[in-house]
Amino acid sequence: MKSLLLISGSASATSSNTKLLRMMADTFADSYRMEVMDGLWELPLYTHERELAGIPDVVKNLREKVKRADAVLISTPEYLHNIPAVLKNALEWMTTSGELSEKPVLAITLTPRAPRGENAMRSLLQSLVASKARVLAELPIHLDELAIGDERGKAMDDDHRSLLQEAIALL
Ligand SMILES: Cc1cc2nc3c(=O)[nH]c(=O)nc-3n(C[C@H](O)[C@H](O)[C@H](O)COP(=O)(O)O)c2cc1C
């Protein structure tokens, strides 16, 4: 069974992106080993000097999880026409260590409604290309088309289930 790491790019503890990833982990639990990772705000801000001074445990944990995963899914909101700083920061911490190099990635944006999210997707793809990741699919999703329940494990509608299933199968 393939192991997939599902990273939420949001800076919110009540994030809809994190809810989507939890829903995916429940929906596809029989076919993939899926681990959801949020809380990117726990990572210290990347600086060259901090990296030289010794890698913090939270960063080691992120690097290890990405390294071990067969593929990575990143689902992100858009902040100021970009990806959230917490996500960019996480990607910066993996620049020199290279965990994303050659890693199959599914890039997802989850934003309120079309065409929102286009800038975040562009920005995410640029960072992933610079990280030498293998971006195998990109999927813009909008909240007004998706029912995201508060409770973990609420069933996903059939259209989104097939869309996500097809995208994950590419990884
Ligand atoms: C600091 C900040 C900046 C934002 N900037 C944008 C933006 O540029 N474009 C956009 O579509 N939404 C923007 N939003 C709205 C978020 O994308 C939207 O609330 C999203 O659904 C949050 O996702 P989450 O629940 O996973 O955190 C911004 C939100 C915040 C907090």
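Of all lysines in the structure, those lying under 24 Å Cα to Cα from LYS60, and not within fewer than 8 positions of it along the same chain, are LYS2, LYS88, LYS103, LYS132.
The tail of the calculated P(r) for region 1-131, taken as Cα-Cα distances beyond 21 Å, holds 38 percent of the pairs. For the pair HIS48 and ARG161, the difference between a 0.36 nm per residue extended length and the Cα-Cα distance amounts to 36.5 nm.
The value for region 12-80 of Rg(Cα) / (2.2 N^0.38 Å) is 1.30.
Among the GluC sites (Glu not before Pro) within region 16-124, those in coil by DSSP and having at most 14 neighbouring Cβ atoms inside 10 Å are GLU102.
If both residues of a DSSP beta bridge must be in the chain, then about 5% of such bridges are antiparallel. Would you please give the FRET efficiency between GLU118 and SER31, computed as 1/(1 + (r/R0)^6) with r the Cβ-Cβ distance and R0 = 35 Å, to the nearest 0.05? Approximately 0.70, to the nearest 0.05. Taking the Cβ of LYS132 as the centre, find all other residues whose Cβ is under 11 Å away and add up their charges (Lys, Arg: +1; Asp, Glu: -1). For residues surrounding LYS132, the net value is 0. When region 34-171 is described by a simple charge dipole with +1 on each Lys and Arg Cβ and -1 on each Asp and Glu Cβ, the residue from ASN61, LEU163, THR109 located farthest towards its positive end is ASN61. Taking every alpha-carbon pair under 8 Å whose residues sit at least 6 apart, the chain reaches a relative contact order of 25 percent. The distance between label points at THR96 and ALA13 comes to 3.2 nm (points 7 Å beyond Cα on the Cα→Cβ vector).
Looking at region 44-139, the DSSP beta bridges with both ends there are about 10 percent antiparallel.
Taking a sphere under 10 Å around the Cβ of ARG113 and counting the other residues whose Cβ falls inside, with K and R at +1 and D and E at -1, yields a net charge of -1.
Note on the chain: GNM, Cα springs under 10 Å; of ARG116, ARG50, ARG63, the largest mean-square fluctuation is that of ARG50.
No value in this document is a laboratory result; all are computed from the given coordinates. Since this is a predicted model, take the numbers as computed values, not measurements. Backbone-built Cβ (ideal geometry, glycine too); neighbour counts: all protein chains shown.
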